[in-house]
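Each remark here refers to the structure printed beneath this line.
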Amino acid sequence: MEYIKKIWAFAKPYKKYAYGNIIANVFYALFGSLAFVSLMPMLKVLFDDKEPITEAPAYSGFLEIGDYLEGNLNYYLTQQVAEIGEMKVLIYMIGVVIATFLLKNFFGYLAMWFITFLRNGVLKDIRNALYLKTLDLPISFYSEKRKGDTMSRMTSDVQVIQSSFLSILELVVREPLMILFTIIIMLTISAKLTLFVFIFIPVSGFIISKIGKTLKKKSHQVQEEQGFFLSVLEETLSGLKIIKGFNAQSIFNKKFQDSTSRYYKYSNGLLNRQNLASPTSEFLGIAVIGVLLLFGGRMVLIDGTLEPAAFIVYMGLAYNILTPAKAISKASYGVKKGNAAAERVLEILETPSTITDAPNAKSKTKFDTQLSIDNISFKYQDEYVLKNFSLNVKKGETVALVGQSGSGKSTIANLVTRFYDVNEGGITIDGDNVKNITQASLRGLMGLVTQDSILFNDTIKENLLVGKPDATEQEMLEALKIANAWEFVKDLPETIHTNIGDSGNKLSGGQKQRLSIARAVLKNPPIMILDEATSALDTESERLVQQALENMMKNRTSLVIAHRLSTIQKADNIVVLSKGEIVEQGKHEELLAKKGVYHSLVEMQSLA
């Protein structure tokens, strides 16, 4: 129950609904038990099975409580029949039976009404907490985890937790109370017969617990496999062009079908074991009822120690125990499934974020002098991708990083924005280590334009507002003009209110990149980081984007990671990297004159 207990913390804001559910369940169990007892007076009138009693019996101790209650009932019926006649008494008794069953069902509905708010409230809060954690966890976390698995935890696992909440409240409140109240009434009717019921409950519980022992493991397999095939689906949708272009449909189809076959196998095992609970508990219950019929029938027919009406009610009560007993076995399975789901959800919620604000981190709102990278080393896993790297970027300067793929250029952008933390050395802004600046204020100083134009399935306006949530339409218009994007946005059907599709796929590559630049311009940060912003573009798009970048970088500090060297010829300082180390740096003309690594790179791109 360790994981479920942690999940219960999410129920605290909704505890009034939990209390309401418990109170309603108490009354449901009470009226559920009394509903059968209310049949006894009616049966006594129908069978004329009442001993005329003209004086109310005296109470003679707890052990004789059954006889005392039955005597009082007979005394009451004798009085009523004498006063108003048997038919009217029968009508009143039927009214009492109907009222009792009505109250039972009313409180049953009320209990469900309360639990609905509790379950859906917990569902909402867990999903919100998971989403917040998804945003908080470092980017490195998602390079190791499948996205589909995270989606599965946020959807189906949370849904399983939600349904197990109902199971727990049934398990600890309603069904046990129903059994308790029923047994108390059965004891008052016949203590001897009730002994068999006491034998049945623990035996039944033992057998059912044996069946459910492996349920958590099987449930875990089902949920993990669901996460896997959701990942395959997510990758398929993201890479559909490549899959079709390489005729790789059969490869991905096989991967997906293998996963769904495993899911089919695990689900069958889980559901077959789960479905065994209900028939098992019902069979055990009927077996006990068979024994009760044998012994109870003897008490009625031969010994005469039990009245027929009391025996019929007693058998109804005995059968009444079966429903909550079945519900408890089903609920215990629900709890085991919920426990497996809770374990997977809590694995994400309890994953510590490796990138956190220091306790005394300060909020930095402006950039005054320089960005310094001081003797840093960094590795993603085992091998260092940057070694003893140092660089100063003064305010207003444009510094370009160039080099072959894998030389560590993009890693520097990831470290400056603190998507990752350095292993050795430090990065400072105006002398303040980035680890001592709040992440929000650090990233508030920076604008980011990446190689892949990351846009969202929304309007142009909403995509721009990511850069500056309180921007006016006039500011957006200015940003679009600076980014050379207004020339195509003005021709769209609804201009900035046009939806651009999933990942902006209704636009061309150059248009998407110019929107990304407009978003960064709108933010108007003092430091701009451009990570290969033109590498994926055709010549015409590159010209427009390059012009947009130059407009944006005016009077601004820029760190440009470049693959196409034509885009950085005007940089104040060009830093050439190879295997994580600086091999050359200087202006474009100086580096060409050296005839070194930079000259070779330029020559390869036919720009010398």
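Computed from the coordinates by the stated procedures, all read-outs in this text should not be read as laboratory data. Nothing here was measured: the structure is a model prediction, and the numbers come from that model. Using ideal geometry, Cβ is built from the backbone for each residue, glycine included, and neighbour counts are taken over all protein chains shown.
So which residues in the range 470-509 are surrounded by 18 or more Cβ atoms within 10 Å (Cβ to Cβ), touching a Lys or Arg at 6+ places or on another chain (Cβ under 7 Å) and on the phi < 0 side of the Ramachandran plot, if there are any at all? Those that are surrounded by 18 or more Cβ atoms within 10 Å (Cβ to Cβ), touching a Lys or Arg at 6+ places or on another chain (Cβ under 7 Å) and on the phi < 0 side of the Ramachandran plot: Met476, Ala483, Ala485, Ile496, Ile500. The set of residues in the range 294-346 being buried (at least 20 other Cβ atoms within 10 Å of the Cβ), β-branched (Val, Ile, Thr) and over 27 Å from Gly269 (Cβ atoms) consists of Val313, Ile321.
The lone criterion from (1) more than 23 Å from Leu577 (Cβ to Cβ); (2) out of contact with any Pro (no Cβ under 9 Å at 6 or more places or on another chain); (3) in contact (Cβ under 8 Å) with a residue 24 or more places away in the chain; (4) not basic (Lys, Arg) left unmet by Pro352 is number (3). Checked against the criteria, Asn375 counts as free of Cβ contacts under 8 Å to residues at least 60 places away in the same chain, outside any helix (DSSP H, G or I) and either on the phi > 0 side of the Ramachandran plot or hydroxyl-bearing (Ser, Thr, Tyr) (or both). Taking the conditions (1) farther than 30 Å from Val122 by Cβ; (2) surrounded by 15 or more Cβ atoms within 10 Å (Cβ to Cβ); (3) of a type outside the set (Phe, Trp, Tyr) in turn, Gln381 satisfies each one other than (2). When Ser332, Ser363, Ser390 are screened for being of a type in the set (S, T, N, Q) and closer than 30 Å to Gln162 by Cα, only Ser332 passes.
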